[in-house]
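Trainee: Let me give you the structure first, and then I'll get to my questions.
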Amino acid sequence: MPETRRPIVGAITFVAAFGATPTLGCGAGDDDAADAAGTSSATGAGATSGASTGGGSTNGGAGGAGGAHATGGATSSGSGGWTKEEAPSAADLVAVWGSGPTDVYAIGIDGTTLHSKGNGSWEAYASAPDDLRGLWGSGPDDVHAAGAHGHVYHQNGSHQWALASSLADKTLFGLWGTGAADVWTVGDFGTVGHSAGSGGWSPVEGAWQIRLGAIWGTSPTDFYTIGEIDIMHWLGGVEPYYPENQPDMYFQFAAVWGSGPNDVYVVGDGGAILHSTGSGDWVKQDSHTTNPLGGIWGSSATDIHVVGAAGTILHSSGDGQWAPQPNAFGFDLTSVWGSGPDDVYAVGGSGVILHGP
């Protein structure tokens with residue numbers, strides 16, 4: 001296809017806010033983290049907002065004390081094998097992630113933080129004082145959340161958020177990492193932040209003056225950030241000067257995920273699903289919907305889930321074909337994550353939590 005690449009204004013400069021300047025390539029191995037990080041990091045562009053708070057969330061502030069309020073188990077089932085689990089809050093949920101089947105988090109508007117042990121019951125823990133958008137962790141004792149005002153929060157398994165950093169007064173949308181010593185966040189106006197562990201975060205300035213809605217990768221030197229209509233591939237530790245080659249689509253992208261460096265997907269508005277083999281070229285796949293798509297996750301290259309508005313749930317076996325998974329709920333869904341092919345969660349507006357498939 002003819003090249004229509006646009007230069008990205010500015011070059012990346014690492015500004016060390018805490019200690020030494022970080023470099024790409026730092027961090028732990030990717031084996032465990034990448035499995036967990038197939039991620040809901042990508043919310044923001046497809047996230048709903050302006051939710052009301054529900055009854056169970058305790059506003060104890062970041063790191064503050066606050067009780068937990070539990071709900072009962074699943075309340076209703078829909079076709080396609082998806083079950084709606086009762087949430088203790090009606091606040092919009094924006095991201096879901098877990099370290100395993102018995103340790104699952106969902107976060108959202110008004111700092112809402114919910115947790116499940118995988119038994120169909122959810123508890124509301126002390127919320128953060130800001131809207132939360134991005135969620136990722138390297139394990140049960142190392143969980144990060146990011147959101148409004150450039151705030152990044154951390155908790156060590158105590159279910160209480162502590163403010164780790166204020167990168168900039170810009171909303172952060174995506175979180176991803178390869179391990180506890182290599183964590184990244186992205187957000188509005190090209191905001192990029194990096195942590196090498198120990199609670200320190202450093203801003204990465206001058207990259208892209210656009211909204212960066214999500215981040216995902218396979219190693220410290222091979223990862224993607226997605227902008228409003230652009231896909232940027234960090235390869236070999238070097239920032240991209242041009243976006244990748246992609247079809248002429250002017251939809252806002254919302255999420256990025258892959259099973260490996262040669263199998264990467266991006267989803268977004270208008271039912272957009274793009275796929276790349278890592279060559280730098282992206283091919284549009286037919287989603288059979290025009291609904292905005294907000295999240296993507298898979299257990300493998302042959303088991304991939306996409307969620308979106310109006311209860312949209314799509315599944316692919318990695319052959320480029322996408323089949324809708326009917327459900328009876330119809331809620332806007334913004335994020336999806338699972339511990340395996342038979343243990344997948346989707347979250348979205350009005351505190352909806354679906355478990356399936």
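Trainee: Would you call THR302 over 30 Å from HIS115 (Cα atoms) and β-branched (Val, Ile, Thr)? So that I can check it myself, show each step before the final result.
Mentor: Numbers: over 30 Å from HIS115 (Cα atoms): no; β-branched (Val, Ile, Thr): yes.
No: the conditions fail for THR302.
Trainee: Give me a count of the residues in segment 278-306 that are within 15 Å of GLY258 (Cα to Cα), of a type in the set (A, V, I, L, M) and under 17 Å from the mean Cα position of the chain (by Cα).
Mentor: 3
Trainee: Just to verify a result, which residue in segment 223-258, among those that are assigned to a strand (DSSP E or B) and over 15 Å from the mean Cα position of the chain (by Cα), is farthest from ASP303 (Cα to Cα)? Working first, answer last.
Mentor: Let us first name the residues in segment 223-258 that are assigned to a strand (DSSP E or B), namely 223-226, 231-235, 238, 245, 253-258.
With over 15 Å from the mean Cα position of the chain (by Cα) added as a condition, the list becomes 231-235, 238, 245.
Working: ILE231: 23, MET232: 25, HIS233: 24, TRP234: 25, LEU235: 26, VAL238: 31, ASN245: 26 Å.
The selected residue is VAL238.
Trainee: Also, I was wondering about something else. Of the residues that sit in segment 177-195 and are surrounded by fewer than 21 Cβ atoms within 10 Å (Cβ to Cβ) and in contact (Cβ under 8 Å) with a residue 40 or more places away in the chain, which one is farthest from LEU293 (Cα to Cα)? Write out each step before concluding.
Mentor: Taking segment 177-195 and keeping what is surrounded by fewer than 21 Cβ atoms within 10 Å (Cβ to Cβ), we get 180-181, 188-189.
After this cut, where a residue has to be in contact (Cβ under 8 Å) with a residue 40 or more places away in the chain as well, the list is 180-181.
Numbers: ALA180: 29, ALA181: 31 Å.
Across segment 177-195, the extreme among qualifying residues is ALA181.
Trainee: Scan segment 216-270 for residues that are surrounded by fewer than 17 Cβ atoms within 10 Å (Cβ to Cβ), among the charged types (D, E, K, R) and within 18 Å of VAL186 (Cβ to Cβ) and jot them down.
Mentor: GLU228
Trainee: Same structure, new question: Out of the residues in segment 300-334 meeting the condition of being part of a strand (DSSP E or B) and of a type in the set (A, V, I, L, M, F, W, C), tell me which one is farthest from HIS355 (Cα to Cα). Walk me through how you get there before you give the answer.
Mentor: Applying the first criterion (part of a strand (DSSP E or B)) to segment 300-334 yields 300, 303-308, 313-316, 323-324, 333-334.
After this cut, where a residue has to be of a type in the set (A, V, I, L, M, F, W, C) as well, the list is 304, 306-307, 313-314, 323, 333.
Working: ILE304: 15, VAL306: 14, VAL307: 12, ILE313: 12, LEU314: 14, ALA323: 18, LEU333: 12 Å.
This residue is ALA323.
Trainee: For segment 79-124, list the strands (runs of 3 or more DSSP E) that sit wholly inside it and hold at least 2 residues that are within 16 Å of VAL336 (Cα to Cα); which are they?
Mentor: Numbers: elements: 83-85, 93-100, 103-108, 113-116, 122-124.
Qualifying strands (runs of 3 or more DSSP E): 83-85, 93-100, 103-108, 113-116.
Rule-based calculations on the coordinates, nothing more; no lab input. The model shown is predicted, which means the values in this text are computed figures rather than measured ones. Note: ideal-geometry Cβ built from the backbone for every residue, glycine included; neighbour counts use all protein chains shown.
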